[in-house]
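A short worksheet on the structure shown next.
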Amino acid sequence: MEKQDLYPELCGEIRKKYRTQGAFARAIGMNPSTLSGKLAGRTQWSYIDVENICRALNISMADAPNFFRPNVARLQQIAVN
């Protein structure tokens, strides 16, 4: 399994709406290598990251766990704090 398969739904939406991860990263104001690291599971998503991504992809925050499934527990922990 490729590391980016950690987020298949998210990667699919990025490809569908922005075609490349680089174009998407620029659209949300993130360095492309930072986005790549997050998609590969090397670094955690921040709540602000999730908000920006959801806004750019027209995903509701209520649906965010479906796109960030491997980190649902962490996402909920960040949201509470």
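List pairs: first in the range 38-67 and under 19 Å from Gly22 (Cα atoms), second outside any helix (DSSP H, G or I) and open to solvent by 50 Å² or more (accessible area, probe 1.4 Å), Cβ under 7 Å, 6+ apart or cross-chain?
Here the result reads Cys54/Ser60, each pair linking the range 38-67 to a residue that is outside any helix (DSSP H, G or I) and open to solvent by 50 Å² or more (accessible area, probe 1.4 Å).
Would you please name the residue that is surrounded by the most Cβ atoms within 10 Å (Cβ to Cβ), looking only at residues in the range 46-81 that are at pLDDT 90 or above and part of a loop (DSSP other than H, G, I, E, B)?
Looking at the filtered set, the residue picked out is Ile59.
For the range 1-45, which helices (runs of 4 or more DSSP H) that fit wholly inside it have 1 or more residues that are at pLDDT below 90?
Those helices (runs of 4 or more DSSP H) span 8-18, 32-39.
What tally of residues in the range 19-35 results from selecting those that are of a type outside the set (Lys, Arg) and either surrounded by fewer than 12 Cβ atoms within 10 Å (Cβ to Cβ) or touching a residue at least 24 places away in the same chain (Cβ under 8 Å) (or both)?
7
The values are calculated or read from the model by the stated rules, or taken from the named source; none is laboratory data. What you see is a predicted model, and the numbers here were worked out from it, not measured in a lab. Here Cβ is always computed from backbone atoms with ideal geometry, including for glycine, and neighbour counts include all displayed protein chains. Remember, those area values only see protein heavy atoms, side chains included, never the ligands or the DNA or RNA. Shrake-Rupley method; radii C 1.70, N 1.55, O 1.52, S 1.80 Å.
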